[in-house]
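Worksheet: one structure, shown below.
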Amino acid sequence: MLDMSRRERKKKETREKIFSNAMQLFRMQGFAATSVEQITQHADVGKGTFYNYFPTKEAVISEFSRRTCQNLVNAGRQKPSLCTRQRLGTLLQDWTEFMIRDREIAWVTVRNREGTDYDLSLHYGLLAILTVGQQNNEISREFDPAFLAESLEGMMVQHFIRWFVSGVGDLHEEVNHALSVFLDGLSEKQQEA
């Protein structure tokens with residue numbers, strides 16, 4: 001039994017070593033310029049060992065994205081006193097900061113949104129906030145919260161793509177505007193007499 005836990009611990013350490021060395025190289029020289037061979041040399045493991053833990057370089061990025069989004073969601077859970085708008089605003093601003101700070105890595109994440117490796121942490125975080133918002137009567141119950149989470153996430157990702165490709169604009173400001181449109185809608189508010 002002790003031997004099994006040692007083996008599992010060693011596997012976890014090896015995975016973490018590959019992951020951290022890959023992320024260090026991606027940040028130093030860029031994702032495209034980093035090869036699996038460079039990662040394995042830097043981590044001092046064989047190429048086969050890399051593929052035992054990650055089928056592709058993109059899988060390392062997916063793991064990074066999953067961890068980051070999970071951390072963002074968990075940080076938001078520690079602020080239950082905030083209203084729905086504030087909780088969504090905080091989560092989206094933290095997400096935006098991640099997307100700006102790790103721009104190229106974020107681009108790889110967005111490009112690889114399809115398939116079984118796609119991480120749903122951000123979606124589930126939005127879903128949880130929106131569900132509580134509906135329960136607290138802060139958000140209309142007219143729409144399914146999963147639909148609302150997908151819609152808001154789609155808006156965020158689309159703004160990131162446009163910002164990344166064009167290289168202009170303030171992503172924080174755009175995400176704030178998108179959240180306002182999402183929560184307030186486009187209709188003009190009636191002025192009370």
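The values are calculated or read from the model by the stated rules, or taken from the named source; none is laboratory data. Here the structure is a predicted model, which means the values were calculated and not measured. Every residue, glycine as well, gets a Cβ built from its backbone with ideal geometry; the counts of neighbours run over all protein chains shown.
Things to note:
- Helices (runs of 4 or more DSSP H) wholly inside the range 1-94 containing at least 2 residues that are buried (at least 19 other Cβ atoms within 10 Å of the Cβ) and assigned by TED's automatic domain parsing to the domain that holds Leu130: 57-77
- Residue match in the range 108-115 (condition: in the same structural domain as Arg66 (by TED's automatic domain parsing), in contact with a Phe, Trp or Tyr (Cβ under 9 Å, 6 or more places away or on another chain) and of a type outside the set (A, V, I, L, M, F, W, C)): yes
- Counting only residues that are at pLDDT 85 or above and within 9 Å of Val73 (Cβ to Cβ), the range 118-128 holds 4 of them.
- Test: residue in the range 173-193 that is within 13 Å of the chain's Cα centre (by Cα), at pLDDT 90 or above and more than 20 Å from Phe31 (Cβ to Cβ): no
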